[in-house]
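Here's the structure we're looking at; comments come further down.
The values are calculated or read from the model by the stated rules, or taken from the named source; none is laboratory data. This structure is a prediction, so every number in the text was calculated from the model and none was measured. No Cβ is skipped: glycine too gets one built from the backbone with ideal geometry, and neighbour counts run over all protein chains shown. What goes into the accessible areas is simple: the full protein's heavy atoms, side chains included, and nothing from ligands, DNA or RNA. Shrake-Rupley method; radii C 1.70, N 1.55, O 1.52, S 1.80 Å.
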Amino acid sequence: MNQVVLNNLLAKVQDKKATQILEIVASEFAVNDIALASSFGAEDQVLLDMLQKVNSQVEVFTLDTGRLPQQTYDLIEKSQEKYGCSFTYMVPDAAELAELLHTKGPNSFRQSVANRKECCQIRKVKPLRKKLSTLKVWICGLRQEQSPTRSDVKPIEWDEANGLIKINPLFDWTEEDVWNYIKSEDVPYSELHDLGYPSIGCQCCTRAIEKGEDARAGRWWWEEPETKECGLHVVDGKLVRKREA
């Protein structure tokens, strides 16, 4: 990646609002080179709504791990109905998944951090990398406030692991900002959020959180906080970690 190009983009989005950042990115790159990676969480729904207003031709893809909550599939259907759009589904390699299940069973992710990361690699990371290899820019809903491993998130970053630009339009948004937008724009969201799930992943790896807990505390809750990344987000050769995606 040419550092000059990245610096120019950073200069253009300096002090810009989220929608303006998306407008700039949409004007700088061909639509087929950009996509929003959505898990259909609150932040991703905000970005979906914004994209429909900025450029509805930008692709939206999701990682269907095979273990998502039914509420996520229900939300996908609601979103399709509201926006009249369709989504791209990236799924695990059937042979790799079958081998994992055959050798370690369906719940190996609970046995060790290594096993959990292996499951994430097959169900999430590899499908993501397959999709990102076709793009120049990916948009995602990372926010600095989400957790200790995400405090250094910037509006535009170079994704070294995947060799493309990563856009984080909501990088400086608070949780209140997200929900104010959802309410004001009547954005559909997962009913799990109303049940204490601020962060939603696979059904088996997500729980509701208690009052005062970190927003990501319900993800892989049996692990220590410093291991709670699945490998999707890498900056400067390291997992996003310093205050978590």
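Of all the residues in the range 27-53, those that are within 18 Å of LEU132 (Cβ to Cβ) and crowded, with 18+ Cβ neighbours inside 10 Å number 9.
Going residue by residue through the range 99-122, is there one that turns out to be aliphatic (A, V, I, L, M) and touching a Lys or Arg at 6+ places or on another chain (Cβ under 7 Å)? No, because not a single residue in the range 99-122 is aliphatic (A, V, I, L, M) and touching a Lys or Arg at 6+ places or on another chain (Cβ under 7 Å). Among residues of the range 162-186 that are under 19 Å from ALA26 (Cβ atoms), those with a beta-carbon under 6 Å from a residue that is among the aromatic types (Phe, Trp, Tyr) and assigned to a strand (DSSP E or B) at least six positions away or on a different chain give the pairs LYS166/TRP138. Identify the residue in the range 85-121 that is over 17 Å from SER39 (Cβ atoms) and among the β-branched types (Val, Ile, Thr) and, among all such residues, is most open to solvent (accessible area, probe 1.4 Å). Going through the qualifying residues, I end up with THR103.
Within 30 Å of GLN3 (Cβ to Cβ) and open to solvent by 20 Å² or more (accessible area, probe 1.4 Å), is that true of TRP138? Give the steps one after another, and end with the answer.
On the way: within 30 Å of GLN3 (Cβ to Cβ): yes; open to solvent by 20 Å² or more (accessible area, probe 1.4 Å): no.
Taking the combined requirement at face value, the residue does not satisfy it.
Within the range 216-231, if we keep just the residues that are assigned to a loop (DSSP other than H, G, I, E, B) and touching a strand residue (DSSP E or B) at 6+ places or on another chain (Cβ under 8 Å), the residue that is modelled with the lowest pLDDT turns out to be GLY231. A single member of GLU213, GLU176, GLU185, GLU191 is of a type in the set (D, E, K, R), within 13 Å of GLY41 (Cβ to Cβ) and either at pLDDT 95 or above or open to solvent by 40 Å² or more (accessible area, probe 1.4 Å) (or both), and it is GLU191. Note on the range 145-197: residues that are within 25 Å of GLY84 (Cα to Cα), outside any loop (DSSP other than H, G, I, E, B) and among the aliphatic types (A, V, I, L, M) amount to 4.
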